[in-house]
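Working notes, structure below.
The values are calculated or read from the model by the stated rules, or taken from the named source; none is laboratory data. Worth saying up front: this structure is predicted, and the values here are computed from it rather than measured. Note: areas computed on protein heavy atoms with side chains; ligands, DNA, RNA excluded. Shrake-Rupley method; radii C 1.70, N 1.55, O 1.52, S 1.80 Å.
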Amino acid sequence: MKLIQMKFREGVIGESVVVGLTTLAIGSALMLVPVKSKWWPFAGTFIVGFVAHMGYEAAGMNEWFCDNRM
């Protein structure tokens, strides 16, 4: 049986931790929004992750992180 081996580029774990913590912080704040629909936590989590990642990219933080942390 073949084992699947994944190779990550250097620094991807640290980058993932930063994005994850951002998603946790903003997502936790969104949980305080009084909405009764069942889909909101799922949609909100996606939106937060997407916006956070695009925001980091637009601000040049992804490039900075790759240049300075690797």
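Just by accessible area at a 1.4 angstrom probe, what is the order of T22, T45 from largest to smallest? Let's see the in-between values first.
Working: T22 30, T45 75 Å².
My answer, sorted largest first, is T45, T22.
Using 0.36 nm times the number of residues separating M31 and V18, minus their current alpha carbon distance, what extension gain do you get? Please list the in-between numbers first.
Details: separation 13, 0.36 × 13 = 4.68 nm, distance 1.99 nm.
2.7 nm is the gain from fully extending M31 to V18.
Residues of the range 12-70: accessible area per residue at 1.4 Å, in Å²? Present the calculation step by step, with values, prior to reporting the outcome.
Working: 4450 Å² over 59 residues.
On a per-residue basis, the range 12-70 sits at 75 Å².
Largest first, how would F65, F42 line up by accessible area (1.4 Å probe)?
Working: F65 35, F42 160 Å².
So, going from the largest accessible area down, we get F42, F65.
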